[in-house]
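Asker: The structure under discussion is supplied below as structure tokens; questions concerning it will follow.
The values are calculated or read from the model by the stated rules, or taken from the named source; none is laboratory data. It should be emphasised that the depicted structure is a prediction, and the values quoted were computed from it without experimental measurement. FYI the Cβ positions are ideal-geometry reconstructions off the backbone, even for glycines, and counts take in every protein chain you see.
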Amino acid sequence: MMNRKEFIEYVAMAGTTAMIIPNLAKANLFGTGTQSKLRIGVIGCGSVSGMYLPHLTKSPFVEVVSVCDIKPDRAKARAEEFKVPNNYDHIDKMLAGADFDLFVNLTDMQEHGRLNKEAILKGKHVWSEKPLANSYKEGNELLQLSEKQNVRLWGAPAVVNSPQFAFMAKRINEGKLGKIAAAHGRYGHLGPHWSAFFYEKLGGSLPDLGVYNLTTLSGLLGPVKSVMAMTNILTPERTVDDKGTIKVEAEDNASVLMEHYSGALSHVMSGFNYFDPYGHEGSGQDKPTVSIIGTRGAMHLIGYDWKPFAVEMATLENEASQKFATDTGDYVWEEGASVVSKAILENYEPLINVEHSLHVLEIIEAARKSQRTGKRIQLKSKFPYPVIK
Ligand SMILES: NC(=O)c1ccc[n+]([C@@H]2O[C@H](COP(=O)([O-])OP(=O)(O)OC[C@H]3O[C@@H](n4cnc5c(N)ncnc54)[C@H](O)[C@@H]3O)[C@@H](O)[C@H]2O)c1
């Protein structure tokens with residue numbers, strides 16, 4: 001992993017410093033090195049908090065100080081379960097209560113931008129579940145605000161941290177596959193049953209599920225220049241635990257075509273209507289879900305990119321497909337907040353990058369615009385690439 005100095009040198013070398021990460025030029029954005037644990041406040045005590053809290057409360061870099069949920073019973077129950085000293089029923093109470101350093105946002109997708117902004121204004125670093133804002137514009141404004149406030153902002157997913165992503169990125173960088181022509185990713189299931197927000201306006205399968213493959217493919221093949229997409233609603237009504245029968249407003253079926261600056265054309269499919277024998281947890285999923293094809297070789301990621309097991313690769317030199325990167329190491333998909341906590345404390349730049357998250361957010365918006373207009377949409381944003389040198 002690069003330290004901050006190496007990162008700045010790399011960015012400068014790429015000639016894109018101003019565009020990429022201007023706040024790195026400022027001093028003292030990271031921890032002073034005197035604090036041994038980063039203090040965390042978690043907002044949103046629903047389903048995913050059941051994955052985050054066991055991980056965070058075991059992390060040596062982190063102390064979970066507070067939990068918060070507008071459903072107060074949920075915050076109380078999580079506080080009890082994970083021995084968190086403070087629980088609140090409103091963000092304002094949490095921000096005014098016990099002091100902490102990193103705001104971890106696990107609320108409904110539609111709430112992220114607004115809550116992240118409140119936390120940044122109160123001088124907190126932010127780790128947000130995806131998407132970190134509801135639009136590219138709002139996300140960019142949050143980034144600028146975080147720079148002004150001298151705090152850091154990051155968003156899920158953490159897929160670039162897996163050893164399998166690293167393996168694929170390194171083989172691509174060293175030209176093992178030749179010139180990359182095409183890539184494909186797919187991720188779907190039958191849709192969450194517990195909360196309506198997944199199906200309401202600004203929800204949808206793209207920010208919930210497509211976001212993983214979009215991050216993986218842009219992370220491997222580089223920034224995207226233009227997007228064309230088709231999205232639709234295949235199941236117009238759903239019954240969910242919190243609101244009963246609801247009208248589906250956001251796309252539950254999406255197919256996105258991307259043209260990367262490298263010339264590669266990639267494709268991502270995501271949806272809430274996919275036959276899924278592996279369940280929401282992805283248990284037992286050991287089939288390829290991401291493929292990269294070049295002039296001299298091809299690679300397939302085994303398992304979901306958020307929970308990968310191996311990479312199959314065949315090349316001109318070795319045409320029989322072989323399995324590589326079968327060690328999953330310490331990587332778990334719910335590790336983002338503890339990974340950035342360690343980076344803050346130890347003063348280095350993690351692989352997860354906010355410009356990359358914003359780029360993916362712009363792709364999602366472009367996909368929706370392409371569906372609305374029937375046109376190919378040009379993107380503005382970029383991010384530091386390659387993600388792994
Ligand atoms: N469930 C998963 O396995 C999973 C996995 C990865 C990422 N995510 C992401 O995590 C986020 C949350 O998903 P979830 O499945 O846990 O949803 P959920 O509905 O189970 O939980 C969300 C919680 O946030 C609370 N909340 C909403 N608005 C709030 C506010 N303004 N202040 C305080 N609390 C508020 C809700 O009361 C609820 O308890 C989403 O962005 C989702 O995409 C979920």
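Asker: How many residues does the stretch 54-85 contain that are among the acidic types (D, E), away from the ligand (no atom under 12 Å from the Cβ) and either under 26 Å from the mean Cα position of the chain (by Cα) or buried (at least 22 other Cβ atoms within 10 Å of the Cβ) (or both)?
Answerer: 1
Asker: Do you know which residues across the stretch 188-201 are within 11 Å of the ligand (Cβ to nearest atom) and either surrounded by 17 or more Cβ atoms within 10 Å (Cβ to Cβ) or within 19 Å of the chain's Cα centre (by Cα) (or both)?
Answerer: Within the stretch 188-201, H189, P192, S195, A196, F197, F198 meet the criteria.
Asker: Taking the criterion of being at pLDDT 95 or above, within 21 Å of the chain's Cα centre (by Cα), within 15 Å of the ligand (Cβ to nearest atom) and polar (S, T, N, Q), would at least one residue in the stretch 30-49 satisfy it?
Answerer: Yes, because at least one residue in the stretch 30-49 is at pLDDT 95 or above, within 21 Å of the chain's Cα centre (by Cα), within 15 Å of the ligand (Cβ to nearest atom) and polar (S, T, N, Q).
Asker: Residue check, I180 against (1) of a type outside the set (S, T, Y); (2) closer than 30 Å to P386 by Cβ; (3) under 20 Å from the mean Cα position of the chain (by Cα), all met but one. Which one?
Answerer: Status for I180: all satisfied but (3).
Asker: Just one of D108, D101 is of a type in the set (D, E, K, R), touching a Lys or Arg at 6+ places or on another chain (Cβ under 6 Å) and touching a residue at least 60 places away in the same chain (Cβ under 8 Å); which is it?
Answerer: D101
Asker: How many of the residues making up the stretch 284-300 are touching a Phe, Trp or Tyr at 6+ places or on another chain (Cβ under 9 Å) and at pLDDT 95 or above?
Answerer: 3
Asker: Give the stretch 86-109 a look and list any residue that's of a type in the set (D, E) and either within 14 Å of the ligand (Cβ to nearest atom) or outside any loop (DSSP other than H, G, I, E, B) (or both), or say none.
Answerer: Hits for the stretch 86-109 are D89, D92, D108.
Asker: Within 17 Å of E365 (Cα to Cα), within 16 Å of the ligand (Cβ to nearest atom) and either not assigned by TED's automatic domain parsing to the domain that holds I364 or not in a helix (DSSP H, G or I) (or both) - does that describe any residue in the stretch 146-153?
Answerer: no
Asker: Of the conditions (1) under 21 Å from F383 (Cα atoms); (2) in contact with a strand residue (DSSP E or B) (Cβ under 8 Å, 6 or more places away or on another chain); (3) among the β-branched types (V, I, T), T215 clears all except one; give me its number.
Answerer: Failing condition for T215: (2).
Asker: Considering (1) of a type in the set (A, V, I, L, M); (2) touching an Asp or Glu at 6+ places or on another chain (Cβ under 6 Å); (3) more than 30 Å from E118 (Cα to Cα), say which one V159 fails and leave the rest.
Answerer: So the condition that V159 fails would be (3).
Asker: Would you check which residues across the stretch 89-106 are in contact with a Cys (Cβ under 9 Å, 6 or more places away or on another chain) and within 23 Å of A196 (Cα to Cα) and list them?
Answerer: Answer for the stretch 89-106, where residues must be in contact with a Cys (Cβ under 9 Å, 6 or more places away or on another chain) and within 23 Å of A196 (Cα to Cα): D89, H90, I91, L106.
For every residue, the table says whether it meets (1) surrounded by fewer than 18 Cβ atoms within 10 Å (Cβ to Cβ); (2) of a type in the set (G, A, S).
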position	(1), (2)
L316	yes, no
S321	yes, yes
F324	yes, no
G329	yes, yes
G336	no, yes
L345	no, no
E349	no, no
S357	no, yes
V360	no, no
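Asker: With respect to G185, is the statement that it is more than 16 Å from H300 (Cβ to Cβ) and either in contact (Cβ under 8 Å) with a residue 60 or more places away in the chain or surrounded by fewer than 18 Cβ atoms within 10 Å (Cβ to Cβ) (or both) true?
Answerer: no
Asker: In the stretch 237-281, how many residues are modelled with pLDDT under 95 and either away from the ligand (no atom under 16 Å from the Cβ) or touching a helix residue (DSSP H, G or I) at 6+ places or on another chain (Cβ under 9 Å) (or both)?
Answerer: Selection size over the stretch 237-281: 2.
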